[in-house]
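The block underneath contains the structure these notes are about, expressed in structure tokens.
The values are calculated or read from the model by the stated rules, or taken from the named source; none is laboratory data. Everything numeric in this text was worked out from a predicted model, so none of it was measured. Counting neighbours? That spans all protein chains shown, and the Cβs are built from the backbone with ideal geometry, glycine included. Keep in mind that these areas ignore ligands, DNA and RNA; they rest on the heavy atoms of the full protein, side chains included. Shrake-Rupley method; radii C 1.70, N 1.55, O 1.52, S 1.80 Å.
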Amino acid sequence: MQKIFVMIKCDLGQAYDVASTIIETVEEVSEVDSISGQYDLMAKFYIAKGADIGHFVTEKVQTIGGIKDTFTIVAFNAFG
């Protein structure tokens, strides 16, 4: 499995609904956290090794209602 983090900017007032929708509809999600700064949420996903990250994000995440923008981070190593 490959781990990616997606920071999500939501339409105003939509962060809780977006987080709930991700948890309920995206099988690959591990967790969703609210964060401070330019983005509202950070979601951690585990996708199949070799899966196309761009297709995953644009088809399964960005299409969720209430999402305005995303920023994807690819994780290479987990320590600890």
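Points to keep in mind about this one:
- Within the range 53-77, being of a type outside the set (Asp, Glu) and over 17 Å from Glu28 (Cβ atoms) holds for Gly65, Gly66, Lys68, Phe71, Phe76, Asn77.
- Conditions (1) at pLDDT 95 or above; (2) at positive phi: number failed by Gly50: (1)
- Odd one out for Ala75, checked against (1) modelled with pLDDT under 95; (2) over 12 Å from Lys3 (Cβ atoms); (3) open to solvent by less than 60 Å² (accessible area, probe 1.4 Å): (2)
- Residues of the range 19-41 that turn out to be open to solvent by less than 50 Å² (accessible area, probe 1.4 Å) and within 10 Å of the chain's Cα centre (by Cα), as a count: 7
- One residue from Lys3, Lys9, Lys60 being of a type in the set (Lys, Arg) and either free of Cβ contacts under 8 Å to residues at least 40 places away in the same chain or assigned to a helix (DSSP H, G or I) (or both): Lys60
- Checking each residue in the range 51-71 for being in contact with a strand residue (DSSP E or B) (Cβ under 8 Å, 6 or more places away or on another chain) and open to solvent by 50 Å² or more (accessible area, probe 1.4 Å) picks out Gln62, Lys68, Asp69, Phe71.
- Single match in Tyr16, Tyr39 (criterion: among the aromatic types (Phe, Trp, Tyr) and touching a Lys or Arg at 6+ places or on another chain (Cβ under 9 Å)): Tyr39
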